Amino acid sequence: MAVSMRIGTRKSTMAIAQTEDIARRLSVVASDLEVEIVRFETVGDTDQTGKLLMHGGKGGAFVAEIRAAVRSGELHAAMHSLKDMPGNEDTPGLVIGATLVRAPPADALVLRAGVSIEDIGRSGGKGFKIGTNAVRRAAYLRRLFPEVEVIHFRGAADTRVRKLDSGERQRLPGGGEAGPADGLIMARSGLERIGLAHRIAYDFSTREMLPAAGQGIVAVECAAGDWQTRSYLSLIDDPAAHASCDAEREVLWVLNGHCNSPIAAYSTIDGPQMTLTASLLDETGQQFIEVTHSGPAERPRELGRAVGLELLDKGAAEIIARTRLEP
(Lines give C-alpha, C1' and ligand atoms only; values in the text may rest on other atoms or scores of the structure.)
Protein backbone atom coordinates (compact mmCIF):
# COMPACT_ATOMS: atom_id res chain seq x y z
CA MET A 1 0.00 0.00 0.00
CA ALA A 2 1.41 3.37 -1.03
CA VAL A 3 2.36 5.96 1.58
CA SER A 4 1.88 9.64 0.74
CA MET A 5 4.21 12.48 1.68
CA ARG A 6 3.28 16.12 1.10
CA ILE A 7 6.37 18.36 0.82
CA GLY A 8 5.96 22.14 0.87
CA THR A 9 8.14 24.54 -1.08
CA ARG A 10 8.28 28.06 -2.44
CA LYS A 11 7.09 28.58 -6.02
CA SER A 12 10.39 29.80 -7.44
CA THR A 13 12.10 27.88 -10.23
CA MET A 14 15.01 27.03 -7.96
CA ALA A 15 12.83 25.90 -5.04
CA ILE A 16 10.77 23.63 -7.30
CA ALA A 17 13.93 22.14 -8.82
CA GLN A 18 15.31 21.39 -5.36
CA THR A 19 12.05 19.82 -4.18
CA GLU A 20 11.79 17.69 -7.32
CA ASP A 21 15.32 16.46 -6.57
CA ILE A 22 14.16 15.39 -3.11
CA ALA A 23 11.18 13.57 -4.63
CA ARG A 24 13.43 11.75 -7.12
CA ARG A 25 15.81 10.64 -4.38
CA LEU A 26 12.94 9.37 -2.23
CA SER A 27 11.46 7.44 -5.16
CA VAL A 28 14.75 5.58 -5.57
CA VAL A 29 15.03 4.49 -1.93
CA ALA A 30 11.33 4.04 -1.13
CA SER A 31 9.23 2.62 -3.97
CA ASP A 32 6.11 2.60 -1.79
CA LEU A 33 6.22 6.38 -1.28
CA GLU A 34 4.14 8.85 -3.29
CA VAL A 35 5.42 12.41 -2.99
CA GLU A 36 3.17 15.40 -3.61
CA ILE A 37 4.82 18.82 -4.01
CA VAL A 38 2.78 21.65 -2.50
CA ARG A 39 3.70 25.14 -3.71
CA PHE A 40 3.57 28.19 -1.43
CA GLU A 41 3.89 31.85 -2.32
CA THR A 42 5.57 33.28 0.77
CA VAL A 43 5.62 36.94 1.81
CA GLY A 44 9.25 37.10 0.69
CA ASP A 45 8.15 36.09 -2.80
CA THR A 46 5.22 38.49 -3.08
CA ASP A 47 7.17 41.51 -1.75
CA GLN A 48 10.03 41.99 -4.20
CA THR A 49 10.85 45.50 -2.96
CA GLY A 50 11.11 45.51 0.82
CA LYS A 51 14.13 44.49 2.85
CA LEU A 52 13.82 41.08 4.48
CA LEU A 53 14.33 42.49 7.99
CA MET A 54 10.87 44.07 7.91
CA HIS A 55 9.37 40.60 7.42
CA GLY A 56 11.31 39.05 10.28
CA GLY A 57 14.37 38.25 8.20
CA LYS A 58 14.67 35.28 5.87
CA GLY A 59 12.88 33.14 8.44
CA GLY A 60 9.78 35.30 8.41
CA ALA A 61 9.94 36.00 4.70
CA PHE A 62 10.58 32.54 3.25
CA VAL A 63 10.23 29.92 5.98
CA ALA A 64 7.52 30.79 8.53
CA GLU A 65 4.42 30.05 6.41
CA ILE A 66 5.66 26.67 5.24
CA ARG A 67 6.79 25.72 8.74
CA ALA A 68 3.33 26.59 10.07
CA ALA A 69 1.81 24.17 7.55
CA VAL A 70 4.10 21.38 8.81
CA ARG A 71 3.14 22.10 12.41
CA SER A 72 -0.56 22.06 11.56
CA GLY A 73 -0.28 18.72 9.77
CA GLU A 74 -1.11 20.16 6.35
CA LEU A 75 2.36 19.07 5.20
CA HIS A 76 4.56 16.15 6.16
CA ALA A 77 7.76 18.04 5.35
CA ALA A 78 9.16 21.27 3.97
CA MET A 79 12.04 21.97 1.62
CA HIS A 80 14.37 24.83 2.54
CA SER A 81 17.65 26.20 1.28
CA LEU A 82 19.53 25.78 4.53
CA LYS A 83 21.03 29.26 4.34
CA ASP A 84 17.48 30.71 4.48
CA MET A 85 16.68 28.97 7.76
CA PRO A 86 17.30 31.22 10.79
CA GLY A 87 19.93 29.70 13.07
CA ASN A 88 19.56 32.00 16.06
CA GLU A 89 16.16 30.76 17.26
CA ASP A 90 14.48 27.58 18.41
CA THR A 91 12.13 25.70 16.09
CA PRO A 92 9.89 23.94 18.62
CA GLY A 93 8.44 20.70 17.33
CA LEU A 94 10.46 20.64 14.10
CA VAL A 95 13.68 18.89 13.09
CA ILE A 96 15.85 18.72 9.99
CA GLY A 97 15.12 15.20 8.81
CA ALA A 98 17.51 15.22 5.86
CA THR A 99 20.21 17.27 4.23
CA LEU A 100 21.15 16.52 0.63
CA VAL A 101 24.74 16.25 -0.60
CA ARG A 102 26.19 19.73 -0.53
CA ALA A 103 26.37 21.53 -3.87
CA PRO A 104 29.25 23.95 -4.57
CA PRO A 105 28.94 26.49 -1.71
CA ALA A 106 30.76 29.47 -3.19
CA ASP A 107 29.38 32.77 -4.42
CA ALA A 108 29.69 33.85 -8.03
CA LEU A 109 29.56 37.05 -10.06
CA VAL A 110 27.15 37.38 -12.98
CA LEU A 111 27.81 40.35 -15.27
CA ARG A 112 25.86 42.14 -17.96
CA ALA A 113 27.21 42.12 -21.49
CA GLY A 114 30.22 44.40 -21.97
CA VAL A 115 31.50 44.23 -18.37
CA SER A 116 34.37 42.04 -17.17
CA ILE A 117 35.84 41.22 -13.77
CA GLU A 118 39.09 42.83 -15.00
CA ASP A 119 37.24 46.12 -15.54
CA ILE A 120 35.89 46.04 -12.00
CA GLY A 121 39.24 45.03 -10.51
CA ARG A 122 41.22 47.79 -12.27
CA SER A 123 38.96 50.50 -10.88
CA GLY A 124 38.49 49.00 -7.44
CA GLY A 125 34.81 48.86 -8.35
CA LYS A 126 34.48 52.58 -9.03
CA GLY A 127 31.71 53.33 -11.49
CA PHE A 128 30.11 49.90 -11.18
CA LYS A 129 26.81 48.93 -9.55
CA ILE A 130 26.59 45.39 -8.19
CA GLY A 131 23.27 44.04 -6.94
CA THR A 132 22.62 41.82 -3.93
CA ASN A 133 20.17 41.60 -1.06
CA ALA A 134 22.61 39.75 1.25
CA VAL A 135 24.41 41.93 3.77
CA ARG A 136 27.21 39.35 3.97
CA ARG A 137 27.83 39.50 0.22
CA ALA A 138 27.65 43.29 0.24
CA ALA A 139 30.20 43.53 3.07
CA TYR A 140 32.65 41.15 1.40
CA LEU A 141 32.21 42.92 -1.93
CA ARG A 142 33.08 46.29 -0.36
CA ARG A 143 36.12 44.63 1.22
CA LEU A 144 37.29 43.37 -2.19
CA PHE A 145 36.33 46.45 -4.23
CA PRO A 146 36.20 49.49 -1.90
CA GLU A 147 34.84 51.87 -4.58
CA VAL A 148 31.97 49.69 -5.80
CA GLU A 149 28.34 50.78 -5.40
CA VAL A 150 26.27 47.99 -3.90
CA ILE A 151 22.58 48.24 -4.72
CA HIS A 152 19.60 46.49 -3.14
CA PHE A 153 18.45 43.77 -5.56
CA ARG A 154 15.61 41.32 -4.88
CA GLY A 155 13.89 38.50 -6.74
CA ALA A 156 14.16 34.82 -7.57
CA ALA A 157 17.46 33.85 -9.16
CA ASP A 158 16.17 33.64 -12.73
CA THR A 159 14.24 36.89 -12.29
CA ARG A 160 17.35 38.70 -11.09
CA VAL A 161 19.35 37.59 -14.13
CA ARG A 162 16.54 38.66 -16.44
CA LYS A 163 16.42 42.10 -14.78
CA LEU A 164 20.20 42.41 -15.12
CA ASP A 165 20.11 41.59 -18.84
CA SER A 166 17.20 43.92 -19.59
CA GLY A 167 18.71 46.83 -17.66
CA GLU A 168 15.69 46.97 -15.39
CA ARG A 169 15.93 49.25 -12.38
CA GLN A 170 15.24 47.89 -8.89
CA ARG A 171 12.50 49.52 -6.84
CA LEU A 172 13.71 50.47 -3.36
CA PRO A 173 11.91 49.92 -0.03
CA GLY A 174 11.65 53.62 0.76
CA GLY A 175 10.64 54.64 -2.75
CA GLY A 176 12.74 55.47 -5.76
CA GLU A 177 14.86 53.13 -7.82
CA ALA A 178 18.43 51.87 -8.07
CA GLY A 179 20.45 50.64 -11.00
CA PRO A 180 20.47 49.33 -13.55
CA ALA A 181 23.00 46.83 -12.22
CA ASP A 182 26.27 45.97 -13.91
CA GLY A 183 26.45 42.65 -12.11
CA LEU A 184 24.97 40.42 -9.43
CA ILE A 185 26.44 38.26 -6.70
CA MET A 186 24.64 34.93 -6.51
CA ALA A 187 25.19 31.41 -5.22
CA ARG A 188 26.86 29.15 -7.76
CA SER A 189 24.74 26.23 -6.57
CA GLY A 190 21.54 28.14 -7.29
CA LEU A 191 22.65 29.12 -10.77
CA GLU A 192 23.52 25.49 -11.50
CA ARG A 193 20.12 24.30 -10.31
CA ILE A 194 18.26 26.59 -12.71
CA GLY A 195 20.55 26.00 -15.69
CA LEU A 196 22.31 29.38 -15.61
CA ALA A 197 25.82 28.34 -14.56
CA HIS A 198 27.06 29.47 -17.98
CA ARG A 199 26.37 33.07 -16.91
CA ILE A 200 29.02 32.98 -14.19
CA ALA A 201 31.79 35.44 -15.01
CA TYR A 202 33.82 34.86 -11.85
CA ASP A 203 33.81 32.39 -8.96
CA PHE A 204 34.79 33.90 -5.63
CA SER A 205 37.09 31.67 -3.61
CA THR A 206 36.04 30.97 -0.04
CA ARG A 207 38.99 33.12 1.05
CA GLU A 208 37.63 36.07 -0.94
CA MET A 209 34.01 35.60 0.12
CA LEU A 210 33.26 33.08 2.84
CA PRO A 211 29.85 31.46 2.21
CA ALA A 212 26.77 31.84 4.36
CA ALA A 213 26.18 29.11 6.93
CA GLY A 214 24.62 26.18 5.12
CA GLN A 215 25.02 27.62 1.64
CA GLY A 216 24.70 24.90 -0.99
CA ILE A 217 22.78 22.54 1.30
CA VAL A 218 19.13 21.61 0.73
CA ALA A 219 17.36 20.75 4.00
CA VAL A 220 14.11 18.87 4.54
CA GLU A 221 12.30 19.78 7.75
CA CYS A 222 9.54 17.75 9.41
CA ALA A 223 7.70 17.39 12.70
CA ALA A 224 9.88 16.00 15.47
CA GLY A 225 7.23 13.45 16.43
CA ASP A 226 6.46 12.26 12.91
CA TRP A 227 8.60 9.14 13.03
CA GLN A 228 7.34 7.71 9.75
CA THR A 229 8.41 10.83 7.81
CA ARG A 230 11.70 10.99 9.71
CA SER A 231 12.37 7.35 8.82
CA TYR A 232 11.85 7.98 5.10
CA LEU A 233 13.91 11.18 5.12
CA SER A 234 16.81 9.44 6.89
CA LEU A 235 17.22 7.33 3.75
CA ILE A 236 18.32 10.37 1.70
CA ASP A 237 20.28 12.18 4.43
CA ASP A 238 23.94 12.88 3.65
CA PRO A 239 25.98 12.56 6.88
CA ALA A 240 28.73 14.96 5.76
CA ALA A 241 26.25 17.68 4.81
CA HIS A 242 24.37 17.15 8.07
CA ALA A 243 27.57 17.49 10.09
CA SER A 244 28.41 20.73 8.27
CA CYS A 245 24.86 21.92 8.86
CA ASP A 246 25.19 21.32 12.60
CA ALA A 247 28.62 22.98 12.89
CA GLU A 248 27.82 26.09 10.85
CA ARG A 249 24.40 26.67 12.40
CA GLU A 250 25.87 26.32 15.88
CA VAL A 251 27.94 29.43 15.11
CA LEU A 252 24.74 31.35 14.31
CA TRP A 253 23.16 30.10 17.53
CA VAL A 254 26.13 31.18 19.69
CA LEU A 255 26.34 34.60 18.05
CA ASN A 256 22.56 35.14 18.10
CA GLY A 257 22.99 36.79 14.73
CA HIS A 258 20.10 38.03 12.63
CA CYS A 259 19.58 38.56 8.91
CA ASN A 260 21.16 42.02 9.02
CA SER A 261 24.40 40.63 10.52
CA PRO A 262 27.11 39.85 7.93
CA ILE A 263 28.00 36.40 9.34
CA ALA A 264 29.69 33.69 7.30
CA ALA A 265 30.53 30.08 8.20
CA TYR A 266 31.92 27.23 6.14
CA SER A 267 33.23 23.80 7.10
CA THR A 268 35.13 21.04 5.30
CA ILE A 269 35.63 17.42 6.29
CA ASP A 270 38.82 15.43 5.69
CA GLY A 271 38.49 11.91 7.01
CA PRO A 272 37.76 12.10 10.74
CA GLN A 273 38.58 15.82 10.96
CA MET A 274 36.40 18.86 10.34
CA THR A 275 37.74 22.37 9.80
CA LEU A 276 35.36 25.27 10.39
CA THR A 277 35.96 28.91 9.51
CA ALA A 278 33.52 31.64 10.48
CA SER A 279 33.66 35.39 10.15
CA LEU A 280 31.79 38.54 11.01
CA LEU A 281 32.05 41.88 9.19
CA ASP A 282 30.52 45.28 9.60
CA GLU A 283 28.49 46.55 6.66
CA THR A 284 31.46 48.40 5.17
CA GLY A 285 33.61 45.26 5.16
CA GLN A 286 36.38 47.13 6.95
CA GLN A 287 35.87 45.68 10.44
CA PHE A 288 36.55 41.99 10.05
CA ILE A 289 36.86 39.11 12.51
CA GLU A 290 37.61 35.56 11.40
CA VAL A 291 38.24 32.35 13.36
CA THR A 292 39.25 28.86 12.21
CA HIS A 293 39.23 25.70 14.34
CA SER A 294 39.60 22.00 13.59
CA GLY A 295 38.22 19.06 15.53
CA PRO A 296 36.53 15.67 15.30
CA ALA A 297 33.94 15.58 12.51
CA GLU A 298 31.72 13.46 14.76
CA ARG A 299 31.31 16.43 17.16
CA PRO A 300 30.30 19.28 14.83
CA ARG A 301 28.25 21.30 17.31
CA GLU A 302 31.12 21.36 19.75
CA LEU A 303 33.37 22.74 17.00
CA GLY A 304 30.79 25.35 16.01
CA ARG A 305 30.41 26.41 19.64
CA ALA A 306 34.16 26.88 20.03
CA VAL A 307 34.37 29.01 16.89
CA GLY A 308 31.36 31.10 17.90
CA LEU A 309 32.68 31.72 21.40
CA GLU A 310 36.06 32.87 20.06
CA LEU A 311 34.31 35.27 17.69
CA LEU A 312 32.48 36.70 20.70
CA ASP A 313 35.80 37.03 22.57
CA LYS A 314 37.13 39.03 19.61
CA GLY A 315 34.25 41.53 19.61
CA ALA A 316 31.53 39.96 17.47
CA ALA A 317 28.74 40.95 19.85
CA GLU A 318 29.44 44.66 19.41
CA ILE A 319 29.25 44.44 15.61
CA ILE A 320 26.03 42.45 15.78
CA ALA A 321 24.50 44.94 18.24
CA ARG A 322 25.22 47.82 15.85
CA THR A 323 23.56 46.05 12.93
CA ARG A 324 20.55 45.20 15.09
CA LEU A 325 19.91 48.90 15.65
CA GLU A 326 19.45 49.58 11.94
CA PRO A 327 15.84 50.03 10.67
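The values are calculated or read from the model by the stated rules, or taken from the named source; none is laboratory data. Keep in mind the model is a prediction, meaning the values are calculated, not measured. Neighbour counts run over all protein chains shown; Cβ positions are idealised from the backbone, glycine included. Heavy atoms of the whole protein, side chains included, go into the accessibility calculation; ligands, DNA and RNA do not. Shrake-Rupley method; radii C 1.70, N 1.55, O 1.52, S 1.80 Å.
What is segment 79-236's relative contact order, in percent, from Cα pairs under 8 angstrom and six or more apart in sequence? List each step's numbers first, then the result.
Details: 277 pairs, mean separation 68.6, N = 158.
Computed value for segment 79-236: 43 percent relative contact order.
Can you work out the base-10 log of I(q)/I(0) for segment 180-325 at q = 0.10, 0.15, 0.16 1/Å, using the Debye formula on its C-alpha atoms alone?
With one equal scatterer per Cα and no solvent, log10 I(q)/I(0) is -0.41, -0.88, -0.97.
Apply the a/c threshold of 1.5 to the C-alpha gyration tensor of segment 101-173 and tell me whether it is rounded, prolate or oblate.
On the way: a/c = 1.37, a/b = 1.11, b/c = 1.23.
The shape class here is rounded.
Under the 0.36 nm per residue contour assumption, what length would be gained going from the current alpha-carbon distance of V115 and K314 to full extension? Intermediate results must be reported in sequence, preceding the final value.
On the way: separation 199, 0.36 × 199 = 71.64 nm, distance 3.87 nm.
This chain segment gains 67.8 nm when fully extended.
Roll a 1.4 Å probe over the protein heavy atoms and report the accessible area of W253 in Å², nearest 10.
W253 has an accessible surface of roughly 120 Å² with all protein chains in place.
Hey, what's the chain come to in accessible area per residue, 1.4 Å probe, Å²? Before the final figure, lay out each step's value.
Details: 13990 Å² over 327 residues.
Heavy-atom SASA per residue in the chain reads 43 Å².
Out of the total accessible area of segment 119-229 (probe 1.4 Å, heavy atoms of protein only), what percent is carbon and sulfur?
On segment 119-229, the fraction of accessible area on carbon and sulfur atoms equals 47 percent.
By the scheme Lys and Arg +1, Asp and Glu -1, what is the net charge of all other residues having a beta-carbon under 14 Å from that of R162? Don't jump to the answer; show the numbers that get you there.
Numbers: positive: R112, R154, R160, K163, R169, R199; negative: D158, D165, E168.
It works out to a net charge of +3.
Which entries in K126/K163; K129/K314; K83/K314; K83/K129 show an alpha-carbon gap greater than 29 Å?
On the way: K126/K163 22 Å; K129/K314 32 Å; K83/K314 24 Å; K83/K129 25 Å.
Among K126/K163; K129/K314; K83/K314; K83/K129, the Cα-Cα distance tops 29 Å for K129/K314.
With no solvent and one point per C-alpha, what does the Debye sum give as log10 I(q)/I(0) for the chain at q = 0.06, 0.07, 0.14, 0.16 Å⁻¹?
-0.20, -0.27, -1.14, -1.46
Suppose only helical runs count, i.e. DSSP H with n ≥ 4. What mean residue ellipticity at 222 nm does that imply for the chain under -39500 (n - 2.57) per run, divided by all residues and rounded to the nearest 500 deg cm²/dmol? Mind showing how you got there, number by number?
Values: 11 runs with 111 residues, N = 327.
So the helix-based figure for the chain works out to -10000 deg cm²/dmol.
Top to bottom by accessible area (1.4 Å), largest first, where do R67, R24, R207 land?
The most accessible residue leads, giving R207, R24, R67.
For a label point 7 Å from the Cα of I37 along Cα→C-beta, name the residues of segment 1-19 whose backbone N is under 14 Å from it.
Of the residues in segment 1-19, 6-19 have backbone N under 14 Å from the label point off I37.
What percent does the relative contact order of the chain come to when contacts are Cα pairs within less than 8 Å and at least six residues apart?
21 percent
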